[in-house]
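None of the figures in this text is laboratory data; all of them are computed from the coordinates on show. Values in this document were obtained by computation on a predicted structure and should not be read as measured data. No Cβ is skipped: glycine too gets one built from the backbone with ideal geometry, and neighbour counts run over all protein chains shown.
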Amino acid sequence: MANTYTQLYFHVVFTVKYRQNLIRKDWEDELYKYITGIVSSQNQKMMIINGIPNHIHMLIGTKPNCNLSDLVRDIKANSSKWINSKKLVNTRFEWQSGFGAFTVGHSQVKRVVNYIKNQEKHHQRKSFKEEYIEFLKTNAVDYDEKYVFDRRQGN
């Protein structure tokens with residue numbers, strides 16, 4: 001598209017179903033590379049990806065023709081299929097339905113990159129549930145807490 005210039009960043013967050021601690025250190029880097037490949041194959045840019053055993057954060061730079069819901073659907077479907085085909089967990093791996101996505105202005109990219117980079121340290125003080133609710137409130141997202149998380153277990 002001639003004369004179209006954009007700078008579009010999304011901070012995307014989603015969790016393992018029931019917030020189970022299934023993402024293990026011995027294969028998380030391989031998972032992150034696989035997910036980065038999915039993003040790249042759709043002509044988008046992974047700025048950073050990181051997480052802890054029960055959820056991941058990504059900062060993705062997108063083109064204006066990116067349908068974020070489709071991209072996240074493909075990331076979740078293909079990565080869970082990859083995890084299950086490699087038998088990396090002793091149960092069927094699934095991501096929780098839905099996701100959080102928050103726009104990031106260019107001036108905030110470094111701050112968000114540092115936030116994502118320091119997930120382990122951050123979660124020594126705050127659970128995923130506390131973190132996620134804080135994101136929703138900070139970004140003025142209307143929500144009903146009874147629908148935010150699958151209910152089986154965990155924080």
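Would you confirm, using the coordinates I've provided, whether residue 139 is free of Cβ contacts under 8 Å to residues at least 60 places away in the same chain and closer than 18 Å to residue 32 by Cα? No, not satisfied.
Exactly one residue out of 61, 98 is over 30 Å from residue 4 (Cα atoms), of a type in the set (Gly, Ala, Ser) and surrounded by 12 or more Cβ atoms within 10 Å (Cβ to Cβ): that is 98.
Filtering the range 1-14 down to residues that are out of contact with any Asp or Glu (no Cβ under 9 Å at 6 or more places or on another chain) and surrounded by 14 or more Cβ atoms within 10 Å (Cβ to Cβ), which residue is farthest from residue 80 (Cα to Cα)? Only one residue tops the list, namely 8.
Applying the set (1) in contact (Cβ under 8 Å) with a residue 60 or more places away in the chain; (2) more than 11 Å from the chain's Cα centre (by Cα) to residue 57 leaves exactly one unmet item: (2). Scanning the range 83-114 for residues that are hydrophobic (A, V, I, L, M, F, W, C) and either within 17 Å of the chain's Cα centre (by Cα) or under 13 Å from residue 10 (Cβ atoms) (or both) turns up 83, 93, 95, 99, 101, 102, 104, 109, 112, 113.
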